Amino acid sequence: MRPAASPRPVDLKAVLPVVQHATIGYDDALWRSAPKLARARDALDGAWRLLADHGQGVGLDRVGLREHAAMIAAARWVTAAAHRRDESRGMHMRADRPATDAALASRLLTGGTDKVWTRFETPALQEAAA
C-alpha cells in the first residue's frame, strides 16, 4: 500500500473494532436494516480512507497494514451486498425487509476498493460460469 495523501501513523487497534462491529456485532450484523447498514458503510468507508490516504508501514508494520486493509475491504463488500439485497434470504436477515423477494433470487457480485460496487449476476454470466 502506498498512501494516497500524506503518510502518517495510523492506529490499527482502532480500526479492528469498526470491522468487528459491522461484521460480527450481534445487533447490527444479525438484525440488519437500511439505517444500520448505512452507518456501518460510513464507518467502514472512513476506516478505508484513513488507511488508503495515510497508511504506510515498513517490515512487519506493512504486513499489519495490509491485513487490516484486507479486513476493511471484505467488510465493505459484505456491507454493500447486504445493503443492496433488499430482502431477507438465508442467514441474511433484514429487520426492515423480513420477506424474501423472488425477483432477487440471483447471486450478488461485489468488488472495488476505493469505490465499492455491487450488481446482480446476469443470465449470461451464469451460463459462462456453468
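Just so it is clear, none of the values below were taken in a lab; they were calculated from the coordinates. The model shown is predicted, which means the values in this text are computed figures rather than measured ones. Heads up, the Cβs are rebuilt from the backbone with ideal geometry, glycines too, and the neighbour counts pull from every protein chain shown.
The table below gives the values:
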| quantity | calculated |
| --- | --- |
| In degrees, nearest ten, helix 60-84 long axis to first principal axis of the chain (Cα) | 20 |
| Net dipole in debye of the chain [+1 Lys, Arg Cβ; -1 Asp, Glu Cβ; about Cα centre; nearest 20] | 120 |
| Segment residue 62-residue 24, extension gain: residue separation times 0.36 nm, minus the distance between their alpha carbons | 11.1 nm |
| The chain: angle of helix 34-54 to the longest principal axis, Cα-based, in degrees nearest 10 | 30 |
| Segments 82-91, 28-37, 95-104, 53-62 sorted - mean Cβ within 10 Å per residue, highest first | 28-37, 82-91, 53-62, 95-104 |
| Long-range amide H partners of residue 89 with built H, under 5 Å | 94 |
| Label of the coordinate-derived value, Rg/Rh (Cα atoms, Kirkwood Rh), listed as [x] 1.00; [y] 1.04; [z] 0.97 | [y] |
